[in-house]
Amino acid sequence: MVEFKEHQLKNGLRLIFNEDKTTPIVAFNLLYDVGSKDEDENKTGFAHLFEHLMFGGSINIPSFDGPLQTVGGENNAFTSTDMTNYYITLPKNNIETAFWLESDRMLSLAFSEKSLEVQRQVVIEEFAQRYLNQPYGDVYLLLRPLAYKKHPYRWATIGKEIKHIETATMEDVKAFFKRHYYPGNAILSISGNLTFEAVKELTEKWFGDIPSRKKELRKLPVEPLQKEERTLEVERDVPLNALYYAYHMPSKNDADYYAVDLLSDVLSRGDSSRFYERLLKKTDLFAEIDAFVTGDTETGLFIIAAKLSAGVTYEQAEAAIDEQLLEIIEKGVGDEELQKVKNKAESTFEFGKTSALNKAMGLAICALVKEPELFNYEFTLYDKVSAEDIQRVAKHVLRRENRSKLIYKAKKG
């Protein structure tokens with residue numbers, strides 16, 4: 001059980017604190033409720049661009065990394081479809097440095113043309129290297145808009161196309177910051193050997209005077225029910241043919257989310273999974289095969305990703321995969337098989353509570369999704385899943401008309 005206390009500032013900033021006396025390191029996690037789903041479809045990639053811009057310095061502190069390195073701290077960040085998360089770890093005696101740095105860039109981020117150009121080029125280079133010039137790098141640039149037609153999950157976090165970042169103006173950047181970077185749209189989560197009163201006092205001191213603003217009501221388009229299978233075929237300069245299935249699945253706040261997640265584990269988590277035992281060990285059809293969920297807060301995707309062995313046809317690969325899916329739909333899973341994946345899930349959850357950073361980050365993310373207490377009881381939602389639940393969600397999710405299929409062919413020669 002991870003114990004925590006909460007406090008909310010008058011400007012809307014939410015504080016979550018976990019006292020951890022076992023470590024001299026404090027984790028300082030600041031999560032903003034903004035992800036790529038909050039972007040304009042003609043100006044995508046901005047949430048991720050901002051992750052980079054936030055390290056470009058504030059008006060009062062030109063270098064974010066410099067002061068942090070001086071006091072023995074480290075920092076990083078990530079952007080997803082649903083959030084942008086910044087985190088710092090540093091010795092407990094220097095915790096105020098984290099408050100100083102994060103509060104100043106929330107209040108006074110430096111909007112310089114130089115910083116924008118530097119970070120623009122960094123993001124463009126990342127787009128090119130990771131998504132366009134890397135084998136299989138553009139898979140989710142293709143698969144997401146195939147699966148989604150209305151919802152903003154249809155573009156990847158990096159954005160729909162490089163052009164949107166290339167043409168981003170200073171006015172665009174300032175407007176995005178004003179709309180999403182303010183106390184009422186943030187969750188501050190801290191774990192370390194401090195007292196709640198001391199942390200609350202520091203939070204009020206450094207963030208309390210930052211002006212508040214009314215949180216906008218998020219109005220995202222609802223994705224229409226998919227009624228027929230969609231297929232896209234592309235050819236790329238890659239070593240092996242690949243095949244991707246994407247099925248719409250329940251949101252993170254739906255009880256069936258946990259059954260679908262465990263279904264993916266039954267298929268491909270570990271050496272005793274069905275895909276490993278039946279398709280990798282006993283056949284020569286696949287070089288790789290995996291099943292996983294995207295983990296999005298709203299209705300996400302259940303993905304099956306496979307690389308075909310040389311000489312294997314798509315018909316052979318699809319027949320083999322579909323056979324495994326059909327078996328679960330028709331016969332379900334055994335109690336022992338289900339318990340095995342639950343045990344693995346429980347180990348992951350328990351391991352996630354061993355470090356201050358994991359706790360700070362986990363509490364913040366759970367607070368965004370539902371409530372911070374979810375961090376303590378989320379495994380029980382997995383543990384409640386029955387074999388009947390697995391079969392039921394398999395019948396509902398793994399329908400052919402709910403599937404988007406990407407045939408990713410290797411260029412011949």
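Laboratory data are not the source of any read-out in this text; all were calculated from the coordinates shown. None of the values given here were measured: they were computed from a predicted structure. Here Cβ is always computed from backbone atoms with ideal geometry, including for glycine, and neighbour counts include all displayed protein chains.
List the relative contact order of the chain as a percent without decimals, with contacts defined as Cα pairs under 8 Å and 6+ residues apart. Before the final figure, lay out the partial values.
Details: 745 pairs, mean separation 94.4, N = 413.
Averaging sequence separation for qualifying contacts and normalising by length gives 23 percent for the chain.
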Percent of alpha-carbon pairs separated by more than 35 Å within the chain
35 percent
Over the Cα atoms of the range 214-261, what Rg and Dmax result, in angstrom?
17.0, 52
For K43, give me every one of the aspartates and glutamates with a C-alpha distance below 13 angstrom, ignoring sequence neighbours fewer than eight places off in its own chain.
E161, E166, E171, D172
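Suppose every Lys and Arg Cβ carries +1 and every Asp and Glu Cβ carries -1, with no other charges. What dipole size does the chain come out with about its Cα centre, to the nearest 20 debye? Can you show the working numbers first?
Details: 54 positive and 65 negative charges, 140 e Å.
The calculated dipole for the chain is roughly 680 debye.
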Which of T84, N193, L146 sits closest to the plus end of the dipole of the range 70-214, meaning its Cα is farthest towards the positive end, when Lys and Arg get +1 and Asp and Glu get -1 on the C-beta?
L146
Considering only DSSP beta bridges whose two residues both sit in the chain, what percent are antiparallel, to the nearest 5?
80 percent
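Dipole magnitude of the range 230-410 about its Cα centre, charges +1 at Lys/Arg Cβ and -1 at Asp/Glu Cβ only, in debye to the nearest 20? Don't skip to the end; give the middle numbers.
Working: 24 positive and 32 negative charges, 41 e Å.
Result for the range 230-410 is approximately 200 debye, rounded to the nearest 20.
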Here the longest stretch of the chain that holds no GluC sites (Glu not before Pro) in a DSSP loop having at most 16 other beta carbon atoms within 10 Å is 230-372
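Using Cα-Cα distances under 8 Å and only pairs 6 or more residues apart, what relative contact order does the range 51-111 have, in percent? The partial results should precede the final answer.
On the way: 69 pairs, mean separation 25.2, N = 61.
About 41 percent, as a whole number.
Cβ under 15 Å from P135's Cβ, P135 left aside: what net charge do those residues give with Lys, Arg +1 and Asp, Glu -1?
Values: positive: R130, R236, K307, K409, K411; negative: D138, E235, D237, E288.
Residues close to P135 contribute a combined charge of +1.
Using Cα pairs under 8 angstrom and six or more residues apart, how large is the relative contact order of the range 230-410, in percent? It would help to have the intermediate numbers written out before the result.
Numbers: 280 pairs, mean separation 71.7, N = 181.
So the answer I get is 40 percent.
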222 nm mean residue ellipticity, helices alone, for the chain (DSSP H n ≥ 4; -39,500 (n - 2.57); rounded to 500)
-12000 deg cm²/dmol
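Translational diffusion coefficient, Stokes-Einstein: compute it for the range 230-410 using the Kirkwood radius over C-alpha pairs as Rh, at 25 °C and 0.890 mPa s, and state it as an integer in µm² s⁻¹. List each step's numbers first, then the result.
On the way: Rh = 17.3 Å.
D, rounded to a whole number, is 141 µm²/s.
Return the subset of K282/K409; K92/K205; K114/K205; K227/K331 for which the Cα-Cα distance in this structure is over 21 Å, preserving the input order.
Cα-Cα > 21 Å for K282/K409; K114/K205; K227/K331; rest within.
Net charge near A47: determine it from the other residues with C-beta under 9 Å of the C-beta of A47, scoring Lys and Arg +1 and Asp and Glu -1. Present the calculation step by step, with values, prior to reporting the outcome.
Values: positive: K37; negative: D38, E39, E51.
Once all neighbours under 9 Å are counted, the net charge is -2.
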Could you give the radius of gyration (one decimal) and Dmax (whole number) of the Cα atoms in the range 102-234, in Å?
19.9, 59
For a footprinting-style exposure proxy, rank T294, T231, T84 by other Cβ within 10 Å, fewest first.
T231, T294, T84
Less than 11 Å Cβ to Cβ from E235, Lys/Arg counted +1 and Asp/Glu -1: what total charge do the surrounding residues give?
+2
Selected from V333, Q391, S264, residue furthest toward positive end of dipole (the range 230-410; charges at beta carbon):
S264
